[in-house]
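Written out below as structure tokens is the structure these notes cover.
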Amino acid sequence: MKKLTDQAAFRHGGEINTRIAQSPMLTNSGIDEKVSHDTIDYYATRSQSAGMVIVEYTNVSPNGGPSRSWARNREQLAIYDDRFIEGLSKVANVLKKDGNKAILQLAHSGREAAYRYTLGGRVEVPSAMNFPWINYPLHELTEDEVWQIVHDFGNATKRAIKCGFDGIEIHGANHYLIQQFFSSFSNHRTDYWGGNLEKRMNFSIEVTREVLKSVKENAPKDFIIGYRVSPEEIHGNNIGYTWHESQKLVEKLTKLFDLDYIHLSTMDYAGKPEDSELNYAQLLGKSIKTPTLEMIAGGIHSIKKMNDALKYADIVSLGRPTLIDPKISYKIKNGLSKEIYLEFNKQSVEDSHLTPGLIELLPNAPYFYMPGVEYLKELSNVKLDSTVTHNGASGKTTDKDYK
Ligand SMILES: Cc1cc2nc3c(=O)[nH]c(=O)nc-3n(C[C@H](O)[C@H](O)[C@H](O)COP(=O)(O)O)c2cc1C
């Protein structure tokens, strides 16, 4: 029987002291794509939220972001240049100070780079097509440009290692570029990168191959390599891929590569597809080759659910609960479960050190509902304006304190 408070060991030797991970979550705190004080304060507060904290989606390519900007003057973080190393090293450092692991999620936004368009940049996609909900032009990547992004993932990995992260997670989920290549809805290519299922897997495979190559060349032996996937992409009649196909993807990835873990991104960890009695974690778990571990995220918002989720996966991944209580894993490990904050209120908000960008985002994102989120509404107008502003993509930040 797996227990939350167990240690878990990854195949390359990395160990975490609970079976709890913090899910990657954007903090809306980047300034000119760099880490800000807000970013560091938020992560420093989360050094005991989990055995491993997966830092938010961070852009690997000059043309991969910024993704949507959810709050005024705040951008997605990036790692496509050495100038990002200093700030991200601070994030890795503050996260590791209590002995837990710091993992960086590597992403290319593809068509989701709406803010990039606002700043005058070109938005890249596998296939230039009409998405009814997108109102900016899209550029279809050439074969060479796709290879360049593959190499960008490798270079970003090298930088993440330099920063001192204990591992990286490849963001293959949530409709970002890697998923866009895997999806038959958004990938209509007929070259190496698209066509049948095998070819739609090629981008995921080449990115993973490049990341592993960079890890073998640059990282300590116990460096952790994860891959995040959404178990299926079905929106009404639009079927990007089914769980049957993502089973094949994770099987292939874990057969070809010695990944430490596969991370399922869902909004309900116990969710099932229409054509099975088993849930996604069980179904994909069957196809993940051991000793790669399985991690599951989605609605694991109580101790009961954490224990239940552990029946299906090796590690539980908590998103919103760590926004409300940054010491959640510490409290569980030390028999203080009764003291876990379950909602936003005066005390929990004070202790949570949310970034101003999150305080602005969360009350306006019903999709991410959390108990007590109304409380943040009162704060959202106050905080953001009192911090930093900047003048656009290439402008200088006006925050005197920010280094
Ligand atoms: C504010 C916020 C930001 C998020 N940003 C990311 C992200 O950067 N990368 C990612 O893979 N998922 C992201 N997600 C999804 C979470 O990682 C997680 O899968 C989801 O919130 C479900 O888990 P939960 O019910 O424990 O919150 C985000 C979720 C929230 C609430």
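FYI, it's all coordinate maths here, none of it is from the lab. Computed from a prediction, not measured in an experiment: that's the story for all the values here. Glycine also receives a Cβ, built like all others from the backbone with ideal geometry; neighbour counts cover every protein chain displayed.
Helical runs (DSSP H, four residues minimum) scored at -39500 (n - 2.57) apiece and divided by the length of the chain put the mean residue ellipticity at 222 nm at -9500 deg cm²/dmol. Segment K3..E274, full-extension length gain: 94.6 nm, with 0.36 nm per residue of separation and the alpha-carbon distance subtracted. Computed over the alpha-carbon atoms, segment 4-125 gives an Rg to Rh ratio of 1.02, Rh here being the Kirkwood radius from the mean inverse distance. Here the Karplus relation 6.51 cos²θ - 1.76 cosθ + 1.60, evaluated at θ = phi - 60°, turns the backbone of segment 197-203 into coupling constants of 4, 3, 6, 5, 7, 4, 5 Hz, with x for every Gly and Pro. What you get for the chain, charging only the Cβ of Lys and Arg (+1) and of Asp and Glu (-1), is a dipole of about 800 debye around the Cα centre. Shown here is the pair-distance distribution of the chain: with all Cα-Cα distances grouped in 20 Å bins from zero up to the longest one, the shares run 29, 62, 9 percent. Compared with the alpha-carbon gap, the fully stretched path from L119 to H244 is longer by 41.1 nm at 0.36 nm per residue. Looking at the chain alone, DSSP beta bridges between its own residues are antiparallel in about 20 percent of cases.
Taking amide H positions as modeled 1.01 Å from N, with prolines and chain starts lacking one, the residues under 5 Å from S127 and 5 or more places away or on another chain are H188. Amide H contacts under 5 Å for G195: R189, R200, restricted to partners 5 or more places along the chain or on a different chain, H placed in the peptide plane at 1.01 Å from N. In order along segment 179-194, the Karplus-derived 3J(HN,Hα) couplings, from 6.51 cos²θ - 1.76 cosθ + 1.60 at θ = phi - 60°, round to 5, 4, 6, 6, 7, 6, 6, 9, 10, 10, 6, 10, 8, 4, 9, x Hz, and Gly and Pro are given as x.
Phi angles of segment 7-20 translate, via the Karplus equation with coefficients 6.51, -1.76, 1.60 and θ = phi - 60°, into HN-Hα couplings of 7, 10, 10, 8, 4, 8, x, x, 10, 10, 8, 9, 8, 10 Hz per residue; Gly and Pro are given as x.
Dividing the Cα radius of gyration of segment 193-251 by its Kirkwood radius returns 1.08 for Rg/Rh.
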